[in-house]
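The values are calculated or read from the model by the stated rules, or taken from the named source; none is laboratory data. Being a predicted model, the structure only gives us computed values, none of them experimental. Glycine also receives a Cβ, built like all others from the backbone with ideal geometry; neighbour counts cover every protein chain displayed. The accessibility values were calculated without ligands, DNA or RNA, using every heavy atom of the protein model including side chains. Shrake-Rupley method; radii C 1.70, N 1.55, O 1.52, S 1.80 Å.
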Amino acid sequence: MTFPKNFLWGGATAANQYEGGFDEGGKGLTVTDLLTNGTHTSPRRICKTEEDGCYYPNRIASDFYHHFKEDIALMAEMGFKVYRMSISWARIFPNGIEENPKEEGLQFYDDVFDECHKYGIEPLVTLSHYDCPLYLTNMYNGWASRKLIDLFDRYVRTVFIRYKGKVRYYLTFNEINCATLKLGNYMALGIRHEGTSNFLDQIDDIKVRYQALHHQLVASAKTVIAASEIDPDIKVGNMIAMMPVYPLTPNPKDMLLMQKEWREKQYYCSDVQVKGEYPYYAQAMWNKMGIELDITDEDKDILKKGTVDFYAMSYYQTNCVTVMEDVATSSGNLLGGAKNPYLETSSWGWQIDPDGLRFTLNDVYSRYNIPIIIVENGLGSKDVLENDGSIHDPYRIDYLNKHVKAMRDCIEQDGVDLFGYTWWGWIDIISASTGEMEKRYGFVYVDSDDYGKGSFKRYKKDSFYWYKKVIESNGEVVD
Ligand code: BGP
């Protein structure tokens, strides 16, 4: 056997892209409820208030809210050991500021967890996945305000107490390093500067952004501390968007650029979350940006104490970097780059690179030496629902196989401590970057189009049956 016997195979989603029921159970609005739909050529729009004639796809999403029993049964049929999902903060504290939580919201997640446990599926819960309560954005410009640290603490403590014994694995902030990019303002930090409208080209204030990210890092560490106080059985991980880059050429300048990108984009946050303090290069980064952060002694103490138990990451593709100008480009989940001539791309232009996964896992493990879980990896593609209800998706099976093989090599040949894998979008959900439904990731097809039109009936794709075999054989079926 190459994968450990208790390897956590499963799938992942996030409340804002999957759950729907945006105005049910007393839930408050979140930032994604005011994001319009888009495509990969026309960007989503950030609305300040609801506008006539705009469609907001995250509001209905795939309607897990009303389908959770059926959906969890499908996970069980595939043999899931783990289900990565997120709790929507605004379902528990609608505006983020209330003294007392909403019982209906808490009960909803209780029902979801009970349903998972019925089938022996372990929930792995992200506490914040791109859905800051809208009220906090309007009142405080989201994480730009230090106030959010305590408000978030109240929310996570409520969750830890309520689900004690039911949830053992938590992640703090989804792809927290997204905040090192301009794109992270709205989605990751709940920041909307006056005049922002284009999702891909937001008004940016780098000082505010890095200060807000600091607040999230403190909140993340406080979450680890809260978990150890409330339930020592809880394990808390960080969550990093791995956006690996290669040097496009052997020019040493490209090599240096590559190293800089890895430090500043991949490791800036996890160095803090795993090692408990800002890395040596942080001060030089801030100097270069011309910013000074407000970091108190108490913050430093919290960061020291609240280091994570494990490292969670998303991985979709790699890109190249170069000092050369006018080179061909490629895109990616958060960041594009220079095109790698050796790689094929998905229909959305993301480069498919299983070897890059092996490289990345080794790099992370050698830096931190703590257990790793891949909580997102997958392929977004258009699928065709045939008249007989079947969906043939060999491209997805191929992507899955190659990445499972890469993980196996990592464990077997390199000795990396990898303890789980959750396929992103195990069921079709709304795309974060484009707001499309037609960019499908799932092993299960959801009959709904980019405008939420359809029966919302679930259909099993060919990949559904294949992933079941992968899990059944603990990865042996893939060669
Ligand atoms: C990650 C996010 C997810 C998810 C995924 C795929 O960055 O954590 O929320 O959506 O990317 O990206 P997309 O939906 O844009 O295809």
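Here are the numbers for this structure:
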quantity: Relative contact order %, the stretch 342-479, counting alpha carbon pairs below 8 Å whose residues are six or more apart; calculated: 24 percent
quantity: Residue pairs, from the table Lys27/Lys457; Lys265/Lys305; Lys147/Lys222; Lys402/Lys468, whose Cα atoms sit over 21 Å apart; calculated: Lys27/Lys457; Lys265/Lys305
quantity: For peptides 455-467, 73-85, sequence by mean Cβ density within 10 Å, most packed first; calculated: 73-85, 455-467
quantity: Area accessible to solvent at Arg154, 1.4 Å probe radius, in Å²; calculated: 80 Å²
quantity: Entries in Lys48/Lys166; Lys81/Lys235; Lys260/Lys304; Lys253/Lys288 that, when Cα-Cα distance is taken, lie over 27 Å; calculated: Lys48/Lys166
quantity: Accessible-area composition of the stretch 13-153, carbon plus sulfur, in percent [1.4 Å probe]; calculated: 48 percent
quantity: Helix-only mean residue ellipticity at 222 nm for the chain, each DSSP H run of n ≥ 4 adding -39500 (n - 2.57), per residue, nearest 500; calculated: -11000 deg cm²/dmol
quantity: Mean Cβ neighbour count within 10 Å, used as a protection proxy, ranking 119-128, 212-221, 274-283 highest first; calculated: 212-221, 119-128, 274-283
quantity: Rel. contact order, % - alpha carbon contacts under 8 angstrom, at least six apart, the chain; calculated: 18 percent
quantity: Gain upon complete extension [Asp204, Glu103; 0.36 nm per residue less C-alpha separation]; calculated: 32.6 nm
quantity: Apportionment of accessible area to carbon and sulfur, the stretch 221-336, percent (1.4 Å); calculated: 52 percent
quantity: Solvent exposure of the stretch 307-415 as accessible area per residue, Å², 1.4 Å probe; calculated: 42 Å²
quantity: Axial C-alpha extent at least 30 Å, average Kyte-Doolittle at least 0.0 - helices from the chain (DSSP); calculated: 206-230
quantity: Largest-first principal axis extents of the Cα set of the stretch 325-383 (Å); calculated: 37, 36, 20
quantity: Among Thr2, Phe80, Asn138 the positive-end extreme of the charge dipole of the stretch 1-152 (Cβ point charges); calculated: Thr2
quantity: Sparsely packed GluC sites (Glu not before Pro) within the stretch 4-67, loop by DSSP, other Cβ within 10 Å at most 12; calculated: Glu50, Glu51
quantity: The stretch 387-459 and the stretch 103-137: distance between their alpha carbon centers, rounded to Å; calculated: 21 Å
quantity: Residue order for Tyr55, Tyr186 - accessible surface, 1.4 angstrom probe, largest first; calculated: Tyr55, Tyr186
quantity: Dipole magnitude (debye, nearest 20) for the chain, charges at Cβ of Lys, Arg, Asp, Glu; calculated: 640 debye
quantity: DSSP-defined antiparallel bridges as percent of all bridges, the chain, nearest 5; calculated: 25 percent
